[in-house]
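One structure, as structure tokens, below. Some questions next.
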Protein chains: 2
Amino acid sequence: MDEFAIIRRFFTPENKGDSVIVGVGDDGAVLRPSPGRDLVSVVDTLVSGVHYPPHMLPGDVGFRAVAVNASDIAAMGARPRWMTLAVTMDAAYQGWVEDFAGGIAHAASTFNIELVGGDLTRGGENVVSVQITGDVEPGTAITRSGAKPGDSIYVSGTPGDAALGLSLMQSGGDLDPRLDYLIRRFTQPTARVELGQAIGPHASAAIDVSDGLYTDLEKLLAASQVAGCIELNDVPLSQELRETVAFDDALRFALGGGDDYELCFTVPAELFGGSAEIAGVKVTRIGYVNEGEGLTCTMDGQLHEYRDAGYRHFQ
Amino acid sequence: MDEFAIIRRFFTPENKGDSVIVGVGDDGAVLRPSPGRDLVSVVDTLVSGVHYPPHMLPGDVGFRAVAVNASDIAAMGARPRWMTLAVTMDAAYQGWVEDFAGGIAHAASTFNIELVGGDLTRGGENVVSVQITGDVEPGTAITRSGAKPGDSIYVSGTPGDAALGLSLMQSGGDLDPRLDYLIRRFTQPTARVELGQAIGPHASAAIDVSDGLYTDLEKLLAASQVAGCIELNDVPLSQELRETVAFDDALRFALGGGDDYELCFTVPAELFGGSAEIAGVKVTRIGYVNEGEGLTCTMDGQLHEYRDAGYRHFQ
């Protein structure tokens, strides 16, 4: 099959919604936006061996490529609508592309996104870029830069699970099936799309946790030109994480490990209390925004030094 | 510099237009569409060593990555508005990224497109994906599938120049400066953005010539479920192409060589005559649409066999 046949067979959805006037197969897609809404555009790339282990199942690569982008849409408080796909595949594409396309389709259905176009090229390694366009009521997009002193800092779910899952995948060998949950948190991360839209009217700032809770929260605080302090005992840890590694390591995974695609956000004062369930997702208050700059941590209320580099592609 | 510093320094435009509510630097861009227009979304990837010679100047790589996408927008008869960028860079990025970003900015200014977001990652080879969102009056987007028997087939400019330019680049050595024009047709291809919008109300179908005039016209005819016949003596050849290679080779470059990013389109009957200048670009009638399927060629009115494979990434 040449790329045109591959696209027709694996990347052309059977049905298209009313908003898709021209879908996959022409020079471009023609889309009909909902009147009066702003657009939100995001793009993220996964490189084999950099963002995921080369032996990760192709269906998981496809799912994950969509989910990490849907997560950016969620962090803006927007609704995902349409996606395009740019895929560079290496020589082993024939055993890979069908399952990969299945993962893309699974994620599209999970997050209610329509695949409307793409480009398929040959290269030396697998590189997958997904671009999603969403929409939002004008004035309600959540940026990173609106946090104010006195706001509470929240995180959704239980960060750190995906990073431990990745670490378990990389250690290889047969794994205790009880660890499947952790690995699935890496291979099929959540994108908190409903949560993002639900907090849109309340949140002063939001970011999705891709590079690590600590470093991503630092970015949010810097963009908002404020300081923050989090209490490490309040960082929500999953039972699976707590039972698999020591407490100190669990904290390190939760603060320093990326890949969870939970949302970290700020809201005025005590809006959601110590924790709340919003759009079916638990959110937990982990600290407060202050005047100044930088992120500090406390443990049982005492200042606690935490060093974190976050993930950097270039140094 | 880490990727965040690279993005701030090289990929954050100094000014943003009124339609860009949130630009580069957040989880996503927030864009305000013009009321009542449809969106057009395109994406295309350039892989080093596949789509361009590895030694091509980084500024040209940046320009070209934008131009090939602007060309897809042009082929839909749409106006380019915003772009996002997904760039994977190899270890040599430090000597590359500034000039590459300069080429992106030059193309953005040339084609009047705003850079609103992107993702920068590290990998084993340079892979550049550009995604452009444009807009169009509802019902006026030109697809590949509207050509009707009796329509005339036109091509813009002089196809084949870019393919010869690439061939000259790859042959290496010092080149006659008179050949610069041909090489520039490859490194800085036109995107016929004004032409596309001008023919929008008239054209029944259009495609941009990326894989070769013959194979791209075949795709248009197949999508429209019609046949076509072109007269090879009517294919417009540049003086530079004619003077550099023999006539037979010139025709082969014009029909089989991609990379020109001219537009091939169909219009009812004799609308533009044998040739016309539209939006400052010469368009030439090269044939007609018929009932049936497939593309045939004539030379001086006699059936002429032409074999063409077009470019395929996968076989």
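Conditions: (1) within 14 Å of another protein chain (Cβ to nearest Cβ); (2) in a strand (DSSP E or B). B:THR143 meets all but one. Number of the miss?
(2) is the only condition that B:THR143 fails.
Still on this structure, please answer the following. Filter the stretch A:21-56 down to the residues that are aliphatic (A, V, I, L, M) and farther than 16 Å from A:GLU114 by Cα, then identify the one that is farthest from the other protein chains (Cβ to nearest Cβ).
Per the stated criteria, the residue is A:MET56.
If you go through the stretch A:181-236, how many residues are closer than 13 Å to A:GLU262 by Cα, among the small types (Gly, Ala, Ser) and not in a loop (DSSP other than H, G, I, E, B)?
Number satisfying all stated conditions: 2.
Working only within the stretch B:116-132, note down all residues that are farther than 14 Å from B:VAL87 by Cβ and either without any contact (Cβ under 8 Å) to a residue 24 or more places away in the chain or more than 7 Å from chain A (Cβ to nearest Cβ) (or both).
B:ILE132
Can you tell me how many residues in the stretch B:1-20 are more than 7 Å from chain A (Cβ to nearest Cβ) and either in a strand (DSSP E or B) or not hydrophobic (A, V, I, L, M, F, W, C) (or both)?
11
Just to be sure I understand the filter: pairs with C-beta atoms under 9 Å, separated by 6 or more residues or on different chains, first member in the stretch B:261-274 and assigned by TED's automatic domain parsing to the domain that holds B:GLU218, second member in a loop (DSSP other than H, G, I, E, B) and of a type in the set (Ser, Thr, Tyr). Which pairs pass?
So the pair list comes out as B:TYR261/B:THR190; B:TYR261/B:SER210; B:GLU262/B:THR158; B:GLU262/B:THR190; B:PHE265/B:SER204; B:THR266/B:SER204; B:VAL267/B:SER204; B:PRO268/B:SER204.
Another question, if that's okay. From the set of residues in the stretch A:72-105 that are assigned to a strand (DSSP E or B) and farther than 18 Å from A:PRO13 by Cα, which is nearest to the other protein chains (Cβ to nearest Cβ)?
My answer is A:THR88.
Now for a separate question. Does A:LEU46 count as farther than 21 Å from A:GLY200 by Cα, in contact with a helix residue (DSSP H, G or I) (Cβ under 6 Å, 6 or more places away or on another chain), of a type in the set (A, V, I, L, M) and in contact (Cβ under 8 Å) with a residue 40 or more places away in the chain?
Considered against the rule, which asks whether it is farther than 21 Å from A:GLY200 by Cα, in contact with a helix residue (DSSP H, G or I) (Cβ under 6 Å, 6 or more places away or on another chain), of a type in the set (A, V, I, L, M) and in contact (Cβ under 8 Å) with a residue 40 or more places away in the chain, A:LEU46 comes out as yes.
Okay, moving on. Look through A:ALA108, A:ALA162 and report the one residue that is in contact (Cβ under 8 Å) with a residue 12 or more places away in the chain, more than 8 Å from chain B (Cβ to nearest Cβ) and buried (at least 24 other Cβ atoms within 10 Å of the Cβ).
Criteria check complete, one pass: A:ALA162.
Would you mind stating whether B:GLY150 is of a type outside the set (Val, Ile, Thr), surrounded by fewer than 18 Cβ atoms within 10 Å (Cβ to Cβ) and within 14 Å of chain A (Cβ to nearest Cβ)?
no
A follow-up question, please. So for the stretch A:240-247 (the condition being in contact with a strand residue (DSSP E or B) (Cβ under 7 Å, 6 or more places away or on another chain), among the hydrophobic types (A, V, I, L, M, F, W, C) and either surrounded by fewer than 22 Cβ atoms within 10 Å (Cβ to Cβ) or assigned to a loop (DSSP other than H, G, I, E, B) (or both)), does at least one residue qualify?
Within the stretch A:240-247 (the criterion being in contact with a strand residue (DSSP E or B) (Cβ under 7 Å, 6 or more places away or on another chain), among the hydrophobic types (A, V, I, L, M, F, W, C) and either surrounded by fewer than 22 Cβ atoms within 10 Å (Cβ to Cβ) or assigned to a loop (DSSP other than H, G, I, E, B) (or both)), the answer is no, since none of the residues qualifies.
The values are calculated or read from the model by the stated rules, or taken from the named source; none is laboratory data. As the structure is a prediction and not an experimental result, all values here were calculated from the model. Positions of Cβ are generated from backbone atoms using ideal geometry, with glycine treated the same way; all protein chains shown enter the neighbour counts.
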